[in-house]
1. What nm value, rounded to one decimal, do you get for the distance between Thr482 and Ala394 when each label is placed 7 Å out toward the C-beta?
2. What full-extension length gain, to one decimal in nm, is calculated for Asp450 and Lys319 as 0.36 nm per residue of separation minus the Cα-Cα distance?
3. What's the local net charge at Val56, with K and R +1, D and E -1, over the other residues with C-beta under 11 Å away?
4. Could you compute the net charge surrounding Asp76? Neighbours are other residues with a C-beta less than 13 Å from the C-beta of Asp76; K and R count +1, D and E count -1.
5. Return the distance in nm (one decimal) between the two label points of a simple spin-label model at Ser49 and Asp125, each offset 7 Å from Cα along Cα→Cβ.
6. Given Phe72, Ile388, Pro177, which one lies farthest toward the positive end of the charge dipole of the chain, if we put +1 on the Cβ of every Lys and Arg and -1 on the Cβ of every Asp and Glu?
7. Restricting to DSSP H runs of at least four residues, report the calculated mean residue ellipticity at 222 nm for the chain, -39500 (n - 2.57) per run over all residues, nearest 500 deg cm²/dmol.
8. Based on the Cβ-Cβ distance of Lys418 and Asp361, what FRET efficiency does E = 1/(1 + (r/R0)^6) give at R0 = 25 Å, to the nearest 0.05?
Amino acid sequence: MSQQPLAGKKIAVLLESEYIPEEIAIYQKRFAGYGATVELMSRLWGNASLTILSDVSEEGKTPEVLKVSTDFDNVDLKDYAAVIMAANYTSVRLRWFTAPEGQAIQASMARDAPAVKFFARAMRDPAIVKGAPCHALWLLTPTPELLAGRRMTCNPVVLADIVNAGAIYVPAPPGTPWDQQVVVDQDLVTNPSYHASEGLVDAIRDAILERKKQCAKAMAAQGEAQSPQAAVTPRRGRRILCILSEWGYWGEELAGPVEEFDKAGYQVDFCTPTGKRPNAIGVSMDPDFIDPPLMRPVTSPEMAEKVRLWDDPSTEQGKRLEKPISLADWFPERPYFASPCFVRGLEAYNRALSRAARYLDIYDAVLLVGGSGPVVDMVNNQRVHDVILSFYRAGKPIGAECYGVACLAFARDIQDRKSIIWGKRVTGHCLEYDYKDGTGFMKARGVGLDFNMGPPPYPLEYILRDATGPDGAYIGNFGHETSVIVDYPFITGRSTPDSILTGAKMIEVLDGDPPLRRWGW
């Protein structure tokens, strides 16, 4: 990273009397170290400048003084990469409002306080990073729709207010020091105390740089989509989003299709539920492992070696999995129906979902990799469902292998709650090939997890039979060495031996002449 990654960027800091000198000093020094300029601003009440006093924590100590000459009502928000509402009770003072002459005071009038309106405008612009330390979120509680559905932390004094507004409070693990408690929700960075100011600055720096990357990707995708030449000239390459479990994928079910994509010249981006590195299940790179349902090895020595390369972070293949996209950072979490502000939360969720789905425009297809791990963190993952639904609504191919196919059964529009594979033909583990005790393996490198959880908690065949309905069909192909079914937009593979074929059929669906729309039934 450059020594001054924020060179030329401006950071706005809102403050009032009772500010904390140490906090402001950290902003000024640390942002300057990254090349950014900090501008202090407040409500000047028509004056050319305002002298404000610091908080005093020790009896008899004289307050420090700051002179502020910028009124936030006179600046253009677009000039700033980030806006920070200072900690302590500065937000309470800036939230001050009076009723118009002759009118009784109403709660809704709090929305019109100048600082509230200014910070609300910043919140509505995802290109601007917002910092809200300590008590700062009090500036947003008059506009609860901007808090609803957002993940954050705060000073405990503010906790009830943000939860009542529909926010998702993220508590720190017990024993975590104040200075290490920072929560990032895309363009919003929060902490519970000014003691975490350095962490807040660094998180804001990272968020600014991430916004820059996302903007560049979106512009490139938009230019590609709108280019007149693109409509008549076939693209030379395709782009595939590959979703893997953090709890253990079956090696060949990644290596097989990705190898096919690589040979076709496709770009593959990897994504996991929370951004942790995915790991291959140990037995999936063991050529001597006897698969109990088949009573024979299912991994060749050649494939076992390929999987070991993918599982090793030091190899060329392994490095591709080192920093996967975090689905939790990308797609929003739907609020609980029992949330006290469910309507606002649902509106906020849908707004965020629309923004997230736009970034999927750069992808031609999605692949859900199988193994035992998806049972834990993919099958009933609402964010995974939202990705699948986004591809489905766009009419793009959706590939799934093994227990990854179960994700399709539960991907349902919240309005009609009918599985998107209703009326479709799919394959997946048939009961004859499904596991009993001794084969549900898990592996999560980050926490040293490597164990056998026993059998999967459901027979996949029964789930798929029910989800496809009377006009669709589950096709297990019991007794056949391979089973891949194409019923556009779905390409489903039964298990490990079908991995390479699943990738090959996805390529035929995308670039066949004519494109493949039905196969295997």
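Values in this text are rule-based calculations from the coordinates and carry no lab data. All of these numbers come straight from a predicted model, not from anything done at the bench. Glycine gets a Cβ as well: all are built from the backbone with ideal geometry, and neighbour counts include every protein chain shown.
1. Label-label distance for Thr482 and Ala394, simple model: 2.8 nm.
2. Answer, rounded to one decimal: 45.1 nm.
3. -4
4. -2
5. 2.7 nm
6. Phe72
7. Dividing the helical sum by the residues of the chain leaves -9000 deg cm²/dmol.
8. On the way: r = 26 Å, r/R0 = 1.03.
According to the calculation, E is roughly 0.45.
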